[in-house]
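> After the structure tokens below, expect a handful of questions from me.
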Amino acid sequence: MIDLVPPSPSAATLLPFDPFTIDDRSEAELDELPFGVICLDHEGTILRYNMAEARLARLDRNQVVGRNFFSRVAPCTAGPAFEGRFRDFARQGGAQDILRFEYLFDFKFGAQEVGIEIVRAPSGDRFYLFVNRRKFFDARRDLPEGFAAPLQRELAPDEGAAGVRRDDVDRRVLEVPWSFLSALRATCDQVAPEGWPLFCTAWGTQWGRSVAVDLETEALEAYQLSIREVPLRTAMEMLSRSMAKQGWGALRVDFSYTAQSAFVAHLDRSAIAEAAARSNTMRCHMVSGMLGAVFTHIANRRVAAREITCTARGDASCTFVVVPDSRRSALEGAIQAGVSDVGQVVRSLKRESLRG
């Protein structure tokens, strides 16, 4: 019999859309989700694999798409408790059924307790697995040979010779020279100077969504908690360490304005600002977008982040104000009015809020 009793919490209930419309969603939309999404055909061949799953499984989706999930990518699932349930569901389940069960994924770097939810695409020949991580554990000992999922370097053993580099969690990384950021800025100034803020904010938002996945992973590994469940100061310390490690600069978050529903972040030695040299305008819109996406994920509500001072402009540091989305227009109004003092900006938001 197919077990359709849902565990709690449910990944499908976290979707910003009907789970049965998942097949209509673009790759970019799947990559925005903070939990794993895997699309399989009837035989178990991987057709789609989102960014969160790639990060949490430490596998490159370019290497797993086209492989059989049960035999090549996750051999720990090749048994009645997982593959058997999947095949029964594929054969018997109805169009609007969701198959839910708990499982333990075994990787060579550790074990992960997950909640699995499977839905059928309307076409009937594609199935989507939602993988919601619950807890992380050390790797289990004495597993049968070939039971744990392969490591990325086992799937692509010669990629180093092909010029591919990876970090300590098997994400592909690039060593970007300083001139890259300068060239990006110069190109935008030449081709679409007015579009720089919009372009870089949108780019930063996409970057922030991937950062949120990384923070979720780190929180689960370190505290067995979601990033939303750890103290906000702890979450921001995790973000600051990550940015410093990658060379973006030193991020400091000021919590003294929380009574006004605002956060202030300072970025010292911003790589983007320093690559831009001197400028009459703000330059770290990409960081604004990233902070907005990270705070949106943590708060589980839309927020806005804007830069109010920038070292590219000659200010002492790059300063960002983060507020609820309902105060976005007030924040942008203060910036357009030339207000750059943090206290004045927050007070202007408070007055705007009272008038609203």
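The values are calculated or read from the model by the stated rules, or taken from the named source; none is laboratory data. Just so it is clear, the model here is predicted, and its values are computed rather than measured. Quick reminder, even Gly has a Cβ in these numbers, built from the backbone with ideal geometry, and neighbours come from all protein chains shown.
> Condition first: over 12 Å from ASP315 (Cβ atoms) and surrounded by fewer than 20 Cβ atoms within 10 Å (Cβ to Cβ). Now tell me which residues in the range 258-279 satisfy that. Don't jump to the end; show me each part of the working.
First, pick out the residues of the range 258-279 that are over 12 Å from ASP315 (Cβ atoms): 258-265, 269, 271-272, 274-277.
Listed by number, the residues that qualify are THR258, ALA259, GLN260, SER261, ARG269, ALA271, GLU274, ALA275, ALA277.
> Quick one: in the range 50-66, which of the residues that are touching a residue at least 24 places away in the same chain (Cβ under 8 Å) and part of a loop (DSSP other than H, G, I, E, B) is nearest to GLU113 (Cα to Cα)?
ARG58
> For PHE86, indicate whether it is outside any strand (DSSP E or B) and either crowded, with 18+ Cβ neighbours inside 10 Å or within 22 Å of the chain's Cα centre (by Cα) (or both).
Working: outside any strand (DSSP E or B): yes; either crowded, with 18+ Cβ neighbours inside 10 Å or within 22 Å of the chain's Cα centre (by Cα) (or both): yes.
Yes.
> Could you check the range 89-125 and list, in sequence order, the residues that are in a loop (DSSP other than H, G, I, E, B) and among the hydroxyl-bearing types (Ser, Thr, Tyr)? Full working, then the answer.
Kept after step one, since they are in a loop (DSSP other than H, G, I, E, B), are these residues of the range 89-125: 93-97, 108-109, 121-125.
Within the range 89-125, just SER123 meets the criteria.
> Could you run through the range 135-149 and say how many residues are buried (at least 16 other Cβ atoms within 10 Å of the Cβ) and modelled with pLDDT under 95?
Of the residues in that region, 1 qualify.
> Sticking with this structure for a sec: Give the residue that is surrounded by the fewest Cβ atoms within 10 Å (Cβ to Cβ), with candidates limited to residues of the range 150-185 that are over 18 Å from GLN246 (Cβ atoms) and acidic (Asp, Glu).
Selected residue: ASP158.
> Tell me the residue from SER210, SER256, SER270 that is over 20 Å from THR309 (Cα atoms) and either in the same structural domain as ASN300 (by TED's automatic domain parsing) or in contact with a strand residue (DSSP E or B) (Cβ under 7 Å, 6 or more places away or on another chain) (or both), please.
Working: SER256 fails: over 20 Å from THR309 (Cα atoms); SER270 fails: over 20 Å from THR309 (Cα atoms).
Just a single option satisfies the conditions, and that option is SER210.
> Pick from the range 39-49 the residues that are part of a strand (DSSP E or B) and of a type outside the set (Lys, Arg): which of them is surrounded by the most Cβ atoms within 10 Å (Cβ to Cβ)?
If we filter the range 39-49 for residues that are part of a strand (DSSP E or B), which is where we start, we get 39-41, 45-49.
Okay, now just the ones that are also of a type outside the set (Lys, Arg), so 39-41, 45-47, 49.
Values: CYS39: 20, LEU40: 21, ASP41: 15, THR45: 15, ILE46: 21, LEU47: 17, TYR49: 27.
Once the filter is applied, the top-ranked residue is TYR49.
> Continuing with this model, one more query. Identify, please: which residue in the range 237-257 is aliphatic (A, V, I, L, M) and more than 14 Å from PHE320 (Cα to Cα) and is, among those, surrounded by the fewest Cβ atoms within 10 Å (Cβ to Cβ)? Full working, then the answer.
Residues of the range 237-257 that are aliphatic (A, V, I, L, M), as a first pass: 238-239, 243-244, 250-251, 253.
Next, from what is left, pick out any that are more than 14 Å from PHE320 (Cα to Cα): 238-239, 243-244.
Numbers: MET238: 19, LEU239: 25, MET243: 19, ALA244: 14.
Top of the filtered list is ALA244.
A quick yes/no check of all residues on (1) closer than 27 Å to GLU175 by Cβ; (2) of a type in the set (Val, Ile, Thr):
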position	(1), (2)
ARG241	yes, no
VAL253	no, yes
SER256	no, no
THR281	no, yes
HIS285	yes, no
ALA299	no, no
SER317	yes, no
PRO324	no, no
ALA330	no, no
